[in-house]
Amino acid sequence: MVPALSLAAVGLAAAPASAAGTASVSVSPSSATVTSGTTETYTMTVSCSVTGGCTGTTVTFPTTTLTGDGSTTDFGSWFGNSSCASVTESAVPGTVTYTYGNIPTGTSQCTFTVTPPAWTTLNNTVATLTPTINGTNFSSSAGPSAALTVTAVHSSALRKASSVGSVLQGGKFNFAVYFYCGTAAGALGASSFSISDTLPTNLTVTSDEVISPGSTGTLSLSGGVLTYTDSTGADCTNAGYVEIEIDGTATTAGVPDAPGSTISNTATATETYLDGTPASFTSSTSNVQVVQRVVPNPFLAKTASTDSYSNQGYYKFNGVQYQTTYPGNWDGTNDTSTYAIQLTTGYAAAGFVYGVQDPLPCLSNLSSGVYSSNAPGTVCADPAWIPTRVVAGRFTPTSADSITLLLSNGTTQTVAYSNGGWTIPAGLSVSEIDFPPFPEEANNAANPIGFALQGYAASTVTTPGLLTNTVTVNIYDQSNTTTPLAPLETNPASILVESANNSIIYPAVSATNEGGCVEQAAVQTGLEMPTAPNSAIYIDYLAPVGASVTSSLTQVFSVVQVQGAGGFAVPGGNSYSATVTGTSTPNYNGTGRTLYQWIFPAGTILKPGDYNIAAAVNVNLGAGCDGTFNNDLTAGYGTQLTACQTPGGAVPTNPSADSDLQSNGSPVANNYCGASAPLTVAAIDPAFSVDKTVQGNLDASPVSAGGIGDVSPTGGTATYNVTFTNTGQSNLTNPVMYDLLPAVGDTDATSTTARGSQFPVTLTGVGPVPAGVTVSYSTATNPCRPEVLATNPGCVSNWTTTLPSPLSSVTALKFVYTGTVYVSGGAGINSFSIPITVSTPISTPGNVAWNTVGTTADAGTGGAALAPAESSRTGLKADNAAPTVTKTVVSPTTPVTAAGQTVTYSFTVTNTTAVTLTGVTVNDTQSAPAGPLASGPTCQQLTGPAATCSGSSATLAPGQSATFTATYTTTAADIDHGGINDSATATGTPPTGGAITGPASSATVPVATLHIAKTVTPPGPANSGQVLTYTITVTNPGTATYTGATITDNMAGTLDQGTLTGTPTASTGTATITGTNLTWTGDVPAGATATITYQVTVN
C-alpha cells in the first residue's frame, strides 16, 4: 500500500485558499435624508479581487429593513433600475437583486435610484440599504449599510381668494377656496378631510363648482353653508389639492350692496393625516370692497410694436430706441407693425364706453424725419401707415359694431365686426379710423380694454423715418354717449422705419444629450431679410473636441418664415426645404475639433421676411465622453450684415463659450454672428480591470492571471506582467497601481490581508515602461499607499523615482499613469501593461510566493476615484520538475563472479519540465569499494522526437529523452564486497535560472562468491580412539544465489591417522565420499550458509 501524501508536507496546502481572493460592494452616500417623493441616486461600487474574476455575481438588498412607515414593511418597490446596461434589477418580496453575472478582477460603478412614495411615506421613516455581494467562486460579503431617512411634513393649508379687490355695486365677482394637501416638499397626505364655507349674506351666489382635476369628494350648498367632503383623502394623492369656485354678485336679496360695504368670506377645514394626526384650518378672510364707480384718470395709453428681429437696440432714432420695421408690407404678412390703444376701465363691467379717433401718420407731415398724424377729422391724402386689421381686447364686440374709416379722398367707409375683428378692405387708403362707443365695452371682462391696429409702413416712407400715431379718446357712461365723463385724452406712439437694404442674422445652436455619448445639435440661424432674393448664407458649426457628426453631410434644412423674435411660424407663410451638402475640416486651426460648413446659395429664399433656417445633426462625442463639450456656430451672409441679433448687435459677434471659432465662410470679412451651446456630460458607469500574469523560468509561456508559475528550486527567474484595462463606459484618468513584491509575511496592497508567501523574490528590472507611466520604488516593509489603502498605521512613505541601489533592496513598486485611459474604441489607449522581472532564491520544492497589485483610477476627467481593487493572486512555485534518469545494467546478465569483468550501464534521461534544458548530463556515483567508471556516461541517442547525440551532454526539449551508456571493470574488492552498488542523477540548465538536478536512480550489479571455513571439535591434540567432528561452512556473501557450487575436501591427511566414522551430512545440497575426497554440491542463496559435517575416529 502506498502511504497517503500530505500536501501540507510539501507546502501546497494553503495555495488554493490564498489564490481565491474576495469581492466587496459598497453604496454611497452612506447616509441621506430626502423628502418623500424625492429620488435619491446611489452609486454602487463592486470590486472583484477573486482569482480569475468573479462568477455568478449578484448584489442583494433585504427590503424589510424599514422602520417608521406604519403598516408598510417592505420598500422593494422604491428601487429603480441600474444605470449599467449589463446589470439587471429584479425584486421579490423581501429582496431586491442586481445581477452582474461574470465580472473581471477590478472595480466598476453603476447607479440606481431609490424613491420613497410621495404623500404616503410617513415622517422619519428609515430604510436601511445593506448590500451583499454573492457569487459562485467566492464567499458572500456584506457591504456597509446606508441609511435613507425620509421626511414628511404636515403642510396642508386652506386659502381663500377673490377675483377682485373691489367690485361695483351689484357687480359680478367670485370667491375661490383652495385646500392644499401639501404646501411643502414631502407633504404627508390625508386619510380624510372636509371643507366648510359659510357664505356672506351680502353675496348672492349664482353658481358653485369644484374645478380641480380628479376630485372625488362631495360638494353641497345648504343654508348658506358650502361643504366639501373627501372621506378617503384620495384627492391628496391625485391632484394634491381641491379648488372650489363660488360665483356671485354684490347684491343682497337682489338689491345692490351699498358703496363702502365689505363682502367678507372665511372658510374652515378639518383633516386627519395618514399618520393619524388631526388638524384644523381657518383661511384668511378675503374682503371685497363695494365701491361707487370712479372715472379713471388717465384712461388712455398707446404703445407700438413690430414683428421683426430688429428690436435689440441697434436701430435708434435721435439716440432713442424704437420698435423697428421696414417700408411696405415687406414680409407679406400684412401686419408687420401694431399700434395698441389701451382704455382703462378700473373694474370689470364698469359701464364705461369710449369714443376713439385715430388719425394715422401722414407722409406730408414730415419734419426732421418724423411723420406725424393730422388733427382728428383732417384728411391725410398720403397716409404713411397702412392698416389691415383691427382687433378688440377684453370685451367681445358683435356684428352690429362697426368702425368708420376716413379715407384719403375725404370719403368714409364703415367696416363691420366679423371673425374676431375688423378687416380693412385691401386697396383702401385710410387716413383715420374712428371707433364709436360700443355697448359691449360697458360689460368688459377685465381691465383694461383696447384695440390693436395691425398694418405696415407705406412703401414710400423715407428711411430712417419715425411714424408717430396720436390717438384721441373720450370716455362716456354707457347710458349717455354724448356727454363725456372727463376731458378727452390724447396719446402718441411711434414706430421706426429703417432701410430695406439692411439684414440681420440671428444664430443659435443647442445641444441635447440623447443618451450616452450621443448629442443632437440643432444648428440654425434666423435671418431678417427685407429684400429678396437672399445672398448666400454660411453656417459654420464647430463640433466639440474629439467629436464627429454622424449624420450625413447632406442635410435637409427647414426654412420657415416666422414672425418676430418669438419665432412663430407665419400661417400660410413662405416655407422651404433646402438640401445642402456640407464640408468638414478635421482639427480646425489645431483645436482638435472638426468644422462643418453648409452654404445656402443665393436665391434659396425668394421672398423677404424673417426666416428660421435649421437642421438637427447627430454628434458622436467620442467613446467614454465626460466633461463639458462646447458647440460653436457662426452664421454669415454674402452681403454686409447690419447687425447681429444680440444685445448691442455688433458685427462680428463671436461664439461666447471659447475662442476656437472666430471666423465664417462668408466672403465678406468679419461678416458673421456667433453662438455657443456647452453641453455637460457626466461620467457613465466607469469600471476597470487589473490583473497580473507570470512566467517562471520553468514555464514555456506566461501563466494567466490567478495561475501559478514554476521556478527552479535552486534559484530561478520570473517575469510578471501587470495590465490595467478600462472596461467601463467612461474614460478613466490617472490610474495608480501598487505592487508589493512577494516576501514572507507579506500582505495584499489594498488591505492587510496576509498573502501567505513562503519565499521572497528580488527585483531585477522594470520595463519597458509605457509612455505616460511613472515608476516609483520603495524599500519599506509596509509602504504607504493612500490611494488604495487609506488607513495604514505605521506605514513608511519613502517612494522615489530614482532607482535604489542595490536594486535588490526594493520591496514595492508604484505605477502612475498620467493621462486618459479610454474606453474600448476610444480616441486613445484602452489598456497598458508593465513587465517586471525578478529572481527567486533556493527554496524547498512546493513553496509558493504570491503576488497581487492594488489599483484605482479616477472616473472621467477630474472625477472621483473609484474604489480600489486587488488583482487575482498570481503564484510562483519552487517546482521539483527536473530531468529524470533511469539507470539499468545492460550486461552482464548474470552475476559477476570475478575481477576484471566489464559491466555496461544504460541511463535514460527525460526532460519533465516545460522548457528546453541545455547541458543535460548524467552524474554517476559508484558506492565504495567500487571505483570510477571505465568510460562514459556518453549520449547515444534522443527520442521523442528522435535525434542523434554524442559526448557527455545533450539538449532536451520538453518531454524529450536521451540515452547515455557507461562501462565499469570489476575488481577483487567488488567480488569480496559481494556486489556493485551504483546511483546516477541527471542535471540540466533551463533558459534562465540555475541548473536543476532530478532524483537519483540506482542499479546494483550482482556478485556471485563463496566463503568456506572448516573447523574441528574438539580442537587441540587428540588421543587414540577419540572421535573428532569436522564442520565445513559454505557462506554466500554476495547479492545473488550461487548455483551449482562444488566443494571438495581432501581427507587423505586426516584418514592416514584415523578412520572415517559414519556418513557425512549436509544442511543443504549433497555430500559424497570418493576415496579420500569428500565432495559437496548444491546451491547457496545470497546471504545463506550450507553446513557439511563428518566424523573421524583417531587410530
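The values are calculated or read from the model by the stated rules, or taken from the named source; none is laboratory data. In this text, all values refer to a predicted model and were calculated from it rather than measured experimentally. So basically every Cβ, Gly included, is an ideal-geometry build from the backbone, and we count neighbours across all protein chains shown.
A few points about this structure:
- Number of residues in the stretch 882-910 that are in contact with a Gly (Cβ under 9 Å, 6 or more places away or on another chain) and closer than 17 Å to ALA1000 by Cβ: the value is 8.
- Lone qualifier among THR902, THR908, THR943, THR913 - being within 29 Å of ASN847 (Cβ to Cβ) and β-branched (Val, Ile, Thr): THR913
- The selection criterion, being assigned to a loop (DSSP other than H, G, I, E, B) and over 17 Å from the mean Cα position of the chain (by Cα), holds for ASN670.
- Segments classed as strands (runs of 3 or more DSSP E), wholly inside the stretch 904-991, with at least 2 members that are in contact (Cβ under 8 Å) with a residue 60 or more places away in the chain, among the β-branched types (Val, Ile, Thr) and closer than 16 Å to ALA881 by Cα: 917-926, 979-989
- Meets criteria (surrounded by fewer than 24 Cβ atoms within 10 Å (Cβ to Cβ), touching a Gly at 6+ places or on another chain (Cβ under 9 Å), at pLDDT 95 or above and part of a strand (DSSP E or B)) for THR60: no
- Any hit, the stretch 998-1017, residues being out of contact with any strand residue (DSSP E or B) (no Cβ under 7 Å at 6 or more places or on another chain) and charged (D, E, K, R): no
- Taken over the stretch 823-875, the residue count meeting the criterion of being part of a strand (DSSP E or B) and among the polar types (S, T, N, Q) is 9.
- Some residue of the stretch 882-900 being in contact with a Lys or Arg (Cβ under 7 Å, 6 or more places away or on another chain) and either in contact (Cβ under 8 Å) with a residue 60 or more places away in the chain or charged (D, E, K, R) (or both): no
- Some residue of the stretch 998-1012 being out of contact with any Pro (no Cβ under 7 Å at 6 or more places or on another chain) and farther than 21 Å from ASN923 by Cα: yes
- The conditions of being part of a loop (DSSP other than H, G, I, E, B), closer than 22 Å to PHE688 by Cβ and assigned by the TED database to the domain that holds THR58 are not met by ASN123.
- Those residues of the stretch 718-729 which are modelled with pLDDT under 95 and among the hydroxyl-bearing types (Ser, Thr, Tyr), in sequence order: THR727
- Flag for SER108 being at pLDDT below 95 and part of a strand (DSSP E or B): yes
- Strands (runs of 3 or more DSSP E) enclosed by the stretch 521-637 - at least 3 residues per element that are touching a residue at least 60 places away in the same chain (Cβ under 8 Å): 537-542, 554-563, 595-600, 609-620, 632-637
- Qualifying strands (runs of 3 or more DSSP E) (wholly inside the stretch 374-430; at least 2 residues being among the small types (Gly, Ala, Ser) and either under 60 Å from the mean Cα position of the chain (by Cα) or not assigned by the TED database to the domain that holds PRO492 (or both)): 385-393
- Residue within the stretch 786-794 that is in a strand (DSSP E or B) and either among the hydrophobic types (A, V, I, L, M, F, W, C) or under 30 Å from ALA882 (Cα atoms) (or both) present: no
- Flag if ASP358 is buried (at least 22 other Cβ atoms within 10 Å of the Cβ), within 30 Å of GLY410 (Cα to Cα) and not aliphatic (A, V, I, L, M): yes
- Conditions (1) within 30 Å of THR904 (Cβ to Cβ); (2) surrounded by fewer than 17 Cβ atoms within 10 Å (Cβ to Cβ); (3) modelled with pLDDT of 90 or more; number of the one not met by THR1015: (1)
- Of residues in the stretch 688-702 being part of a strand (DSSP E or B) and under 37 Å from the mean Cα position of the chain (by Cα), the one surrounded by the fewest Cβ atoms within 10 Å (Cβ to Cβ): THR693
- Restricting attention to the stretch 160-192, the residues being closer than 28 Å to CYS236 by Cα, hydrophobic (A, V, I, L, M, F, W, C) and part of a loop (DSSP other than H, G, I, E, B) number 3.
- Filter pass, GLY328 being under 30 Å from THR460 (Cα atoms), modelled with pLDDT of 95 or more and under 60 Å from the mean Cα position of the chain (by Cα): yes
- From the list VAL694, VAL736, the one residue that fits, being at pLDDT 95 or above, aliphatic (A, V, I, L, M) and farther than 30 Å from PRO999 by Cα, is VAL736.
- Residue within the stretch 349-363 that is at negative phi and of a type in the set (Gly, Ala, Ser) present: yes
- Counted residues, the stretch 781-794 - those being crowded, with 16+ Cβ neighbours inside 10 Å, more than 30 Å from the chain's Cα centre (by Cα) and either more than 23 Å from THR22 (Cα to Cα) or touching a residue at least 60 places away in the same chain (Cβ under 8 Å) (or both): 0
- Screening the candidates SER399, SER364, SER368, SER373 for the property of being surrounded by 18 or more Cβ atoms within 10 Å (Cβ to Cβ) and polar (S, T, N, Q) yields one hit, SER373.
Rundown of residues vs (1) within 26 Å of GLY993 (Cα to Cα); (2) over 36 Å from the mean Cα position of the chain (by Cα); (3) in the same structural domain as ALA995 (by the TED database), yes/no style:
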residue: ALA812; (1), (2), (3): yes, no, no
residue: THR818; (1), (2), (3): no, no, no
residue: LEU866; (1), (2), (3): no, no, no
residue: VAL889; (1), (2), (3): no, yes, yes
residue: THR893; (1), (2), (3): no, yes, yes
residue: THR897; (1), (2), (3): no, yes, yes
residue: THR913; (1), (2), (3): yes, yes, yes
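- The strands (runs of 3 or more DSSP E) found entirely in the stretch 229-317 that carry 1 or more residues being within 16 Å of VAL167 (Cα to Cα) are 241-249, 262-265, 286-291.
- Put simply, of GLY455, GLY450, GLY465, GLY410 the only residue that is at pLDDT 95 or above, crowded, with 20+ Cβ neighbours inside 10 Å and either over 23 Å from GLN342 (Cβ atoms) or aromatic (Phe, Trp, Tyr) (or both) is GLY465.
- Flag not set for ALA1040, criterion: of a type outside the set (S, T, N, Q) and either more than 26 Å from THR904 (Cβ to Cβ) or not in a loop (DSSP other than H, G, I, E, B) (or both).
- Check on ILE133, surrounded by 16 or more Cβ atoms within 10 Å (Cβ to Cβ), hydrophobic (A, V, I, L, M, F, W, C), modelled with pLDDT of 95 or more and assigned by the TED database to the domain that holds ALA267: no
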